[in-house]
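Q: Just dropping this structure here.
The values are calculated or read from the model by the stated rules, or taken from the named source; none is laboratory data. Just so it is clear, the structure is predicted and the values come from calculations on it, not from any experiment. Glycine gets a Cβ as well: all are built from the backbone with ideal geometry, and neighbour counts include every protein chain shown. In case anyone asks, the SASA skips ligands and DNA or RNA and just uses the protein heavy atoms, side chains included. Shrake-Rupley method; radii C 1.70, N 1.55, O 1.52, S 1.80 Å.
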Amino acid sequence: MPKFQIPEIITFAVWDYLVFGALFLISAGIGVFFAVKERNKTTSADFLVGGKQMTCGPVALSLTASFMSAVTVLGAPSEVYRFGASFVLFFIAYTFVVIFSAELFVPVFYRSGITSTYEYLELRFSRVVRYAATIMYIVQTILYTGVVVYAPALALNQVTGFDLWGSVFATGIVCTFYCTLGGLKAVVWTDAFQMVVMVVGFLSVLIEGTIQNGGPSNVWQTAINGSRMDIADFSVDPLRRHTFWTIAVGGTFTWLGIYGVNQSTIQRCISCKSEKHAKLALYLNLVGLWVILVCAVFSGLVMFAHYQGCDPWTAGFIEAPDQMMPYFVMDIFDKMPGLPGLFVACAFSGTLSTVAASINALATVTFEDIVKNIFKNISDRKSTWISKGLCVLFGILCTVMAVVASLMGGVVQAALSIHGMCGGPMLGLFSLGILFPWTNWKGALGGLLTGITLSFWVGIGGFIYPAPPSKSLPLLLRTDECKLLNETINGTLSTVLPTTLTTTLPPARSVLADNWYSLSYLYYSAVGCLGCIIAGLLISFITGHEHGKNIKPLFIRPVCNLICFWSDKHKKKCWCGVRHDEEDEEELDDAVFKKDVMMIPVQEKQIENAYENDYSDKSTAIYNAEEKSYTNPDLDKECQM
């Protein structure tokens, strides 16, 4: 192999550390601000869901910042650099995901008046199903957070010299600090600030990188010549890593598991003061997702134009593709102290926002689903202190879990694989509850276990037996323009020339490895979701399906009316007796809500009392006829943002 002369790249200067440090100080300061501002608010609802009085603007920015993490900032440009701009097709998946989340899942969760999404599973199915889903979510979130913390810290450490464990522990400590002090409001407003930092960081890289590479037209032409713009691959082969269908279909399943039923997303949506604000937050967030996606894709194209003749990864200048983006930043900003620090702040803004949201969501789920069911009649003050203690606990666990992430490979694929393996079965479970009224608790639990088994089987198999290059299709990376390293041999200075390598045959692979384990990682979620739904429906029919009279219309969505619009008879069969087919959906929701929640008959009140201790501090949505939206009562006018 040829040996190349490694170019001298600058490391962090004083100004870079100052810019980066300012990010941590401002983030921590926001936590202190809300801790002081909300010091008289002592209920867990104020701490965990912001008093349910948030508005759509900051919530939208918070959602975008949390899920466009450092995994996107560092990993997505590297994906475009190696595999081409087909990554931009995720805008299709994002669009479907937001529409489904806003119109299908959020209305059910918001109107139910819940704090944890897994409360819905107990109300719809049983407590056993709720606990199974809660444990699954906790495992998923801790694993994912480990990737988000460790991978960016490692990439930045090896390229910029930034201290690895210093950045890991700083991230964990700062996130835990402002989550514990300020609760959800601190998380949301810190995310909004960090979203701005992410966009500014991306724009600085795009502008300077484009200027240094001859302008937009030259960058575009270089990308075309390098086959980076061949994005319209309509192959239906599910083993191909990225095609139109794997991204549009598989990406929708993957991100719907992240957005539609994920506690971190739903918690911020139900913190809004009305259902209209919750939906608007999701749609505004879609614009933010598009902006970050476009920035990441064009960063990858600019990076390819810069290194078209000398790929740093192939040449051995860096150790992993995820280090490409920080290496590129340190290269183009070598004479601009402070700007490398701005980009690192951009990457860590994504990390901070994601970790903070995860910690807050984990604390909420654990408190609502476990603590309150074990310890009854907890006072408001104790509830707040327990919630804060849980934030500290999960902050420590997520930081420790960062060590495990070093074994998971590329950050984008690792992160989305975790979400697919865990999020797919969860998406299937909630879909069984919301879309299929005849599903019983046995079917829900059996479907969840089936979905988990299938998704983990294919996911772990794919990790052990990666798909061959013929399926992942990495594009050509050149090194012919790199400077060869001169070495002294027998007192004579000579250039090391390439050597001829003997061809070695790859090890034999089983049929299972070449097919099932080679499935695109974006289909892991679809496998888990569809496996859960099919198994859940079969088990429900075998064990005796649920009857509509046992289900409140509030807990399901009447989408079957769209499919069976021609026949009232078929509508009734689809809904198993649930009263969604009697009148217009919006009017019925209002009437049913007033009957079942606001005007509970005496005979039903006894049933509700069984849940009184569990849900006593929960505010309930009220239908506002003028706004045609559900609104949370004014728990505290001062909480309005």
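Q: Can you order the peptides 19-26, 315-322 by their average number of other Cβ atoms within 10 Å per residue, highest first?
A: 315-322, 19-26
Q: Let me ask something else. Could you work out how much longer the chain between residue 541 and residue 290 gets when fully extended? Use 0.36 nm per residue separation minus the Cα distance between them, nm to one decimal.
A: Gain on stretching residue 541 to residue 290: 86.2 nm.
Q: While we're here: What ranking do 80-88, 300-308 get when scored by the average of other Cβ atoms within 10 Å per residue, highest first?
A: Packing proxy ranking, top to bottom: 300-308, 80-88.
Q: Could you compute the net charge surrounding residue 100? Neighbours are other residues with a C-beta less than 13 Å from the C-beta of residue 100; K and R count +1, D and E count -1.
A: For residues surrounding residue 100, the net value is +1.
Q: If packing is taken as the average count of other Cβ atoms within 10 Å, what order do 334-344, 421-431 fall into, highest mean first?
A: Per-residue Cβ counts within 10 Å, averaged per peptide and sorted highest first, yield 421-431, 334-344.
Q: On to the next question. Hey, which of these cross-link pairs are over 28 Å Cα-Cα: 442/549; 372/442; 273/442; 376/549?
A: Going by Cα-Cα distance, 273/442; 376/549 fall outside the 28 Å limit.
Q: Residue 241 accessible area, nearest 10 Å², 1.4 Å probe?
A: Approximately 30 Å² of residue 241 is accessible to the 1.4 Å probe.
Q: Suppose accessible area is computed on protein heavy atoms with a 1.4 Å probe; arrange 450, 190 from highest to lowest.
A: I get 450, 190, largest accessible area first.
Q: Next up: Of all accessible surface on segment 268-307 at a 1.4 Å probe, what whole percent is carbon and sulfur?
A: 82 percent
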